[in-house]
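**Student:** Before we start, here is the structure in question, set down as structure tokens.
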Amino acid sequence: MDVNNVETLLEVIKAGVQSLDEVSDVLTAIDRFQQDPSILDDYLAEFIGTLSRNFFVRSKSDQRSIGSIFYTLSKVCNFKRTKRHLPTDIFLLPQILTQLADWEGFEDWRVLSMLLSWLSIILMSPFRLENDLEIYEETRKLKTYSVLDPLVAAVHAELFDKNLDLFRNQYLRQKVDLFTLNLTLKSILNRKSPLASQQLLDLLTLDNLSLFCLEQAFDSSETHNILVLKILPKLCRLHALQETWDGIEEITTWLLNHMALSFTDARIQLAHSLAKVVQLLATIDAESSHSLVQGIFDELIEELKSTPVDAIDPDRLHTELLFIAELGRLGSLEANFITQFAQDVLPVTTKFQQLRVNKITGHQIRDASNFVCWSLVRKCKVSSAVEAIFFHLLMCSMTDPDLTIRRSASAALQETLGRYGTDLMDDASVMRLIELPPNSLEVCFRDNIPKLMNLLMFNAPHLINSAIDWLIVDNVLRNQDYNIVELSTISVGKLFTLGEKGDIASKVLNSLRTRTDEMTCDQSGALSARYIYLAAELPLFGENKIRRQCISCLPTLATQLKEESNNPSERFKVLAFMKALNATVITETSELQISMSILNTLLRIIRFSSPSESRFEHIKQLFVPMISRLASNGALFESRDIYQKFEQNFTKFVTTNNPICCAGLAYTLPGNFLCSFLSFCPHLNHEGRSQVLNALSNTLPEIVQANGPDILKLLAEFLDDYTVTEQGDVGGLVRKSTADLIEKQLLLFLGAGSSVMNLVCPRLLRLAAEPTDKVKETSLRILSQVYSFKCSDSVTHDENLFRFYSTNKIEFRSDFWQGFMFSAGAIYSTDLRIRISVDSFLRFFDRQSAEERSELLELLLRIVPSLTHVQSWRKSPIHLNRVGCQRRDLIKRATVCANFWRRTLESGLDVRENFSLRAVYARFYNLHLLKTPLLRTAVVKLMPYLAVACASNKGPNHEALKNEIFSRLQMLANRSKKTADDISSLQIICLEGMLTICLAFGEQDKLNTPEVFQQDEKASEKIS
């Protein structure tokens, strides 16, 4: 926690404890310390001392507040810590008992929790009380509130500790619950002499108590089960004092028979309790203790060796590992057991996985394995097994799919290196190992594994083969997590660049050759798919033996694929097939010709792959590089008919906007691309065009070299795609893909000369000024590189944009403002974004000279489409450019222009006398005559602000223009009435505009003129 924040929170708590004001703030401040309660330890004495001072003379309201604060402190810091700071004066006992009797009702349980804690700490005083039965009966009434059970049990345990007869009497009356029994036995066994403990219960009562606990365990909740498990070791100690060995054997047998509990907390407690029993036996009969542990180890090892992993009971295995960890933590595990664990248990449990209905389980087993290692290294001598422990922790910390387990392995590894590091490698290597970060799985496989192999090669070369087998056998051929399979394959490929004289590479090949000898094309395809995926890594694929085995399994795998299945195993088989086919085609090996079966499988994969799938990009990356070879080399196919079928289906898939084939269009032969592109592109939808453009980022240089730079001019036209469908502005996807393509191939565009950049840059500046975030950011970034302009991180995008425009405005005047009008005049946007754009424009406008302002206003007016232009546009049935992109909707542009002018005038745009407002009014007046509701409404909303602008514009006839606008609004208001009893939204807008004009010119008396509102009383009422 931040130091300043801690100080602030402590001040809030301190003030609240003293004044009892703003209790809710105090409770919130205390809760903030749940991550690190130890910070409060030094302040508990002060806080609780203040709370308990004069507690009994305070009002009920104050006592409730104190109870809430005390409970929250106890919840965060633990009741054991907080109650230590309560006054222990025995003379407070009567007042506490009186208060316990006074407070009734569940709503006051927090006060009762404080009083019970206070009572238990006072009862710890070394005095026997005469009224202990009275206290017992009074507090027993509070057990009706389950939340108070542990606190009542603590009070009763203190009473029973001082009066064993009271305990025996209440037990015989069956009034002692498990909470109380556990605390009582703990207190008595810890404080009493062995003789006193021995006299606690007679043999018959002890046997009955043991039987009661064992029978009760599975008749109650998990909480009760855990309490029973806590009690059983204490009963064993009592049996040992009574020398009743049968009781110990019965409890031990019960624990061994219930190792497979279904709840994690119960398994943890069982392991802890069983370890305590073993520890007790070791002091009584070391041979029996050894035999018990040996039996557990033998059963565990036998199960791991003879039982399939998926058939192992994970709950039982988890408990057994926790038991071993507890023995290690207690320092009670003999050296031979440590060796057995490292040799026979750890290699299985550290990689343990089970597949359960598409869900991979086993993380608890792997985590428990790390816990065992940590416990053994800390408390036992593990010299004989340290290398095995070190190796498994090291590999687990790098390759486990679960971050929590990688971290626990890393913690145990650091403990191991801290104690035995010099026995394993030199100090510098130890430090480099510790510094390898386990957080990112991708980094672990891409960077850490190669570094690790180098370290092992120079410090522990005998471990290299085991590490390689871990990657190939355990991670690729057996792992249930296909992400690990893919990452491990990448890691194996990178190992070919490591080691002196290729030592590591040769070891990898030797391991893979061994697996190749064992490989068969299995019926399910599960194992062969993993092998194929690994073998198709290009460095490995070059090995004849590996390549031949990979290719031989490919036809069988093709017949087993379920392309539409979402099962992870089936999805991985598809990837393996595509990767192997890719390697075969790219290397143009003659060992496989594409059969009809393989082609049909490939076509089904392409047809069923969707961009919404996580595997889509991977499949696309594997398919598109094959296109140029498949399309140009018929020798790759078994027959010409198969080759022609591929060509026909590829063409068909492109024309139907199949995303993978559209991307593949960019990978056709460069010399044929332009013709195909012009043929297909006008018929593609936005997704198809986007896929082509994205793919061109990898192939464009070759295409330009084959077709010349004019193709870049063609690509620039995709920046004008404003296709709109029911999904919205889908053309934005095409504009974004085009901008990304230009950014990635910017040097190519720059090298094409000014004729290309003169087409590209104005369009990019227009896009940089438009409201689409990703497109405008990319566009400005490109322009900044082209014009050596540095954007500032401390200002908004608009401010950087205006700085750029100010430097280059002669070159980009019209294009820039066409784009910016769509930001400040947006039809659908947030108020905040519109306000930012309008404010940015006004700041820029104010910085201009009078002449520049006038020129800018003239330019902004020219951008507004004329009535003739709009009418001509509406008559044309098609608005597409030569690549099939839909041009901007002219009605929408006119509406945006009206919004822009209205918002800027409304925000205080300074229109001087040398600019003609009548020209603005005339342009928009003509547009509002069109029967387009959205445009008409936008223009009518603008009209009153043009009239108001006449006040600052001293041009000729400004008064006449104002009156003309007022009259027009009045006429529209009267004309747009629906019925005598109803009014239209346009009428409301007109009347509001008239009101705005009257108020701006101080002509409120006009509002009282009968002819203005004589027929619009209802509208007037609505406005008011």
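Bear in mind these aren't lab numbers, they're just calculated from the coordinates by the rules spelled out. Quick caveat, the model's predicted, so the values are computed rather than measured. In this analysis, Cβ positions are derived from the backbone assuming ideal geometry, glycine residues included, and neighbour counts consider all displayed protein chains.
**Student:** How charged is the neighbourhood of Ala385? Take every other residue with its Cβ under 15 Å from the Cβ of Ala385, and add Lys/Arg as +1 and Asp/Glu as -1. Don't skip to the end; give the middle numbers.
**Tutor:** Working: positive: Arg378, Lys379, Lys381, Arg419; negative: Glu334, Asp344, Glu387, Glu415, Asp423.
Counting the neighbours of Ala385, the net charge comes to -1.
**Student:** Here is a further query. Which shape class, rounded, prolate or oblate, goes with the range 638-763 when its Cα gyration tensor gives a ≥ b ≥ c as root eigenvalues, a/c under 1.5 marks rounded, and past that a/b bigger than b/c marks prolate?
**Tutor:** Numbers: a/c = 2.51, a/b = 1.31, b/c = 1.91.
Oblate.
**Student:** To continue, here is another question. Tell me, Val896, Val76 in order of fewest to most beta-carbon neighbours within 10 Å?
**Tutor:** On the way: Val896 24, Val76 19.
In order of increasing Cβ crowding within 10 Å: Val76, Val896.
**Student:** Within the range 803-908, which chymotrypsin sites (Phe, Trp or Tyr not before Pro) sit in a loop by DSSP and count at most 15 neighbouring Cβ atoms inside 10 Å?
**Tutor:** Numbers: sites: Phe804, Tyr805, Phe812, Phe816, Trp817, Phe820, Phe822, Tyr828, Phe841, Phe844, Phe845, Trp873, Phe900, Trp901; in loops: Tyr828.
Of the chymotrypsin sites (Phe, Trp or Tyr not before Pro), the ones in loops of the range 803-908 whose Cβ has at most 15 other Cβ atoms within 10 Å are Tyr828.
**Student:** For the chain, find the longest principal axis of its Cα atoms and tell me its angle to the long axis of helix 109-122, 0 to 90°, nearest 10.
**Tutor:** 30 degrees
**Student:** To continue, here is another question. What's the extension gain from Lys1006 to Ser383 if we count 0.36 nm per residue and subtract their Cα-Cα distance? Before the final figure, lay out each step's value.
**Tutor:** Working: separation 623, 0.36 × 623 = 224.28 nm, distance 10.19 nm.
Contour length minus Cα-Cα distance gives 214.1 nm.
**Student:** How about the range 18-117: which trypsin sites (Lys or Arg not before Pro) there are in a DSSP loop, with at most 15 other Cβ atoms within 10 Å of their Cβ?
**Tutor:** Values: sites: Arg32, Arg53, Arg58, Lys60, Arg64, Lys75, Lys80, Arg81, Lys83, Arg84, Arg110; in loops: Arg32, Arg53, Arg58, Arg84.
The qualifying sites are Arg53, Arg58, Arg84.
**Student:** Follow-up. Please compute the contact order of the range 1-86 in relative form: average sequence separation of alpha-carbon pairs under 8 Å and at least six residues apart, divided by the residue count, as a percent. All intermediate terms of the calculation are to be shown ahead of the outcome.
**Tutor:** Details: 63 pairs, mean separation 29.1, N = 86.
Over the range 1-86, the number comes to 34 percent.
**Student:** Additional query: Could you please rank Ile405, Ile742, placing first whichever residue has the fewest other Cβ atoms within 10 Å of its Cβ?
**Tutor:** Ile405, Ile742
**Student:** Please identify every one of the trypsin sites (Lys or Arg not before Pro) in the range 854-950 that sits in a loop by DSSP and has no more than 14 other beta carbons within 10 Å of its own beta carbon. Intermediate results must be reported in sequence, preceding the final value.
**Tutor:** Details: sites: Arg862, Arg874, Lys875, Arg882, Arg887, Arg888, Lys892, Arg893, Arg902, Arg903, Arg912, Arg918, Arg923, Lys931, Arg936, Lys941; in loops: Arg882, Arg887, Arg888, Arg912, Lys931.
The qualifying sites are Arg882, Arg912, Lys931.
**Student:** Using the structure shown, list the pairs from Lys736/Lys931; Lys620/Lys809; Lys579/Lys713; Lys774/Lys892; Lys230/Lys379; Lys75/Lys359 with a Cα-Cα distance above 32 Å, or answer none. Show your work: numbers first, answer last.
**Tutor:** Details: Lys736/Lys931 34 Å; Lys620/Lys809 42 Å; Lys579/Lys713 36 Å; Lys774/Lys892 22 Å; Lys230/Lys379 23 Å; Lys75/Lys359 36 Å.
Correct reply: Lys736/Lys931; Lys620/Lys809; Lys579/Lys713; Lys75/Lys359.
**Student:** Would you compute, from DSSP H runs of 4+ residues alone, the mean residue ellipticity of the chain at 222 nm, taking -39500 (n - 2.57) per run and dividing by the full residue count, rounded to the nearest 500? Can you show the working numbers first?
**Tutor:** Numbers: 55 runs with 705 residues, N = 1024.
Theoretical 222 nm ellipticity from helices: -21500 deg cm²/dmol.
**Student:** Given H placed 1.01 Å from N in the peptide plane, which residues other than close sequence neighbours of Phe637 have an amide H under 5 Å from its amide H?
**Tutor:** Counting only residues 5 or more places away or on other chains, the set is Ile594.
**Student:** Determine the shape class of the chain: with a ≥ b ≥ c the square roots of the Cα gyration tensor eigenvalues, call it rounded for a/c under 1.5, and otherwise prolate if a/b is greater than b/c, oblate otherwise. Could you put the intermediate results ahead of the total?
**Tutor:** Working: a/c = 2.96, a/b = 1.40, b/c = 2.12.
Because a/c hits 1.5 or more and a/b fails to exceed b/c, the chain counts as oblate.
**Student:** Counting Lys +1, Arg +1, Asp -1, Glu -1, what net charge surrounds Lys776 among other residues with beta carbon under 14 Å of its beta carbon?
**Tutor:** On the way: positive: Arg735, Lys736, Arg763, Arg766, Lys774, Arg781, Arg833; negative: Asp729, Asp740, Glu743, Glu770, Asp773, Glu777, Asp798, Glu799, Asp815.
After counting each charged neighbour, the total is -2.
**Student:** While we're on this one: Taking the Cβ-Cβ separation of Glu435 and Thr404 as r and a Förster radius of 25 Å, what is the calculated FRET efficiency to the nearest 0.05? Display every interim value, and only then the final one.
**Tutor:** Details: r = 20 Å, r/R0 = 0.81.
FRET efficiency, Glu435 to Thr404: 0.75.
**Student:** Something else: Calculate how steeply helix 890-906 sits against the longest principal axis of the alpha-carbon atoms of the chain, using the helix alpha-carbon long axis, and give the answer as 0 to 90 degrees to the nearest 10.
**Tutor:** The two axes meet at around 80 degrees.
**Student:** Under unit Cβ charges (Lys, Arg +1; Asp, Glu -1), what dipole magnitude, rounded to 20 debye, does the range 280-406 have relative to its Cα centre? Don't jump to the answer; show the numbers that get you there.
**Tutor:** Numbers: 11 positive and 17 negative charges, 116 e Å.
Roughly 560 debye, rounded to the nearest 20.
**Student:** Report the charge-dipole magnitude of the chain in Debye, nearest 20, computed about the Cα centre from +1 at each Lys and Arg Cβ and -1 at each Asp and Glu Cβ. All intermediate terms of the calculation are to be shown ahead of the outcome.
**Tutor:** Working: 110 positive and 122 negative charges, 831 e Å.
For this selection, approximately 4000 debye.
**Student:** Additional query: Fewest first, what order do Tyr171, Tyr71 take by the number of other Cβ atoms within 10 Å?
**Tutor:** Numbers: Tyr171 19, Tyr71 22.
The fewest-first ordering by Cβ neighbours comes to Tyr171, Tyr71.
**Student:** Quick one: angle between helix 797-824 and the longest Cα principal axis of the chain, in degrees between 0 and 90, rounded to 10, please.
**Tutor:** Here the helix axis deviates by roughly 70 degrees.
**Student:** Please go through the residue pairs Lys776/Lys875; Lys573/Lys776; Lys162/Lys234; Lys141/Lys162 and name each one whose alpha carbons sit more than 29 Å apart in this structure.
**Tutor:** On the way: Lys776/Lys875 32 Å; Lys573/Lys776 41 Å; Lys162/Lys234 18 Å; Lys141/Lys162 21 Å.
From Lys776/Lys875; Lys573/Lys776; Lys162/Lys234; Lys141/Lys162, over 29 Å: Lys776/Lys875; Lys573/Lys776.
**Student:** Then there is this: Rounded, prolate or oblate: which fits the range 24-96 when a ≥ b ≥ c are the square roots of the eigenvalues of the alpha-carbon gyration tensor, with rounded for a/c under 1.5 and prolate only if a/b beats b/c? Before the final figure, lay out each step's value.
**Tutor:** Numbers: a/c = 2.51, a/b = 1.47, b/c = 1.71.
Judged from the Cα gyration tensor, the range 24-96 comes out oblate (a/c at least 1.5, b/c at or above a/b).
**Student:** Which net charge results for the neighbourhood of Phe646, defined as the other residues with beta-carbon distances under 12 angstrom from its beta-carbon, given Lys and Arg at +1 and Asp and Glu at -1? Walk me through the numbers before you get to the answer.
**Tutor:** On the way: positive: Arg629, Arg640, Lys645, Lys652; negative: Glu638, Asp641, Glu647.
Taking every other residue near Phe646 into account, the sum is +1.
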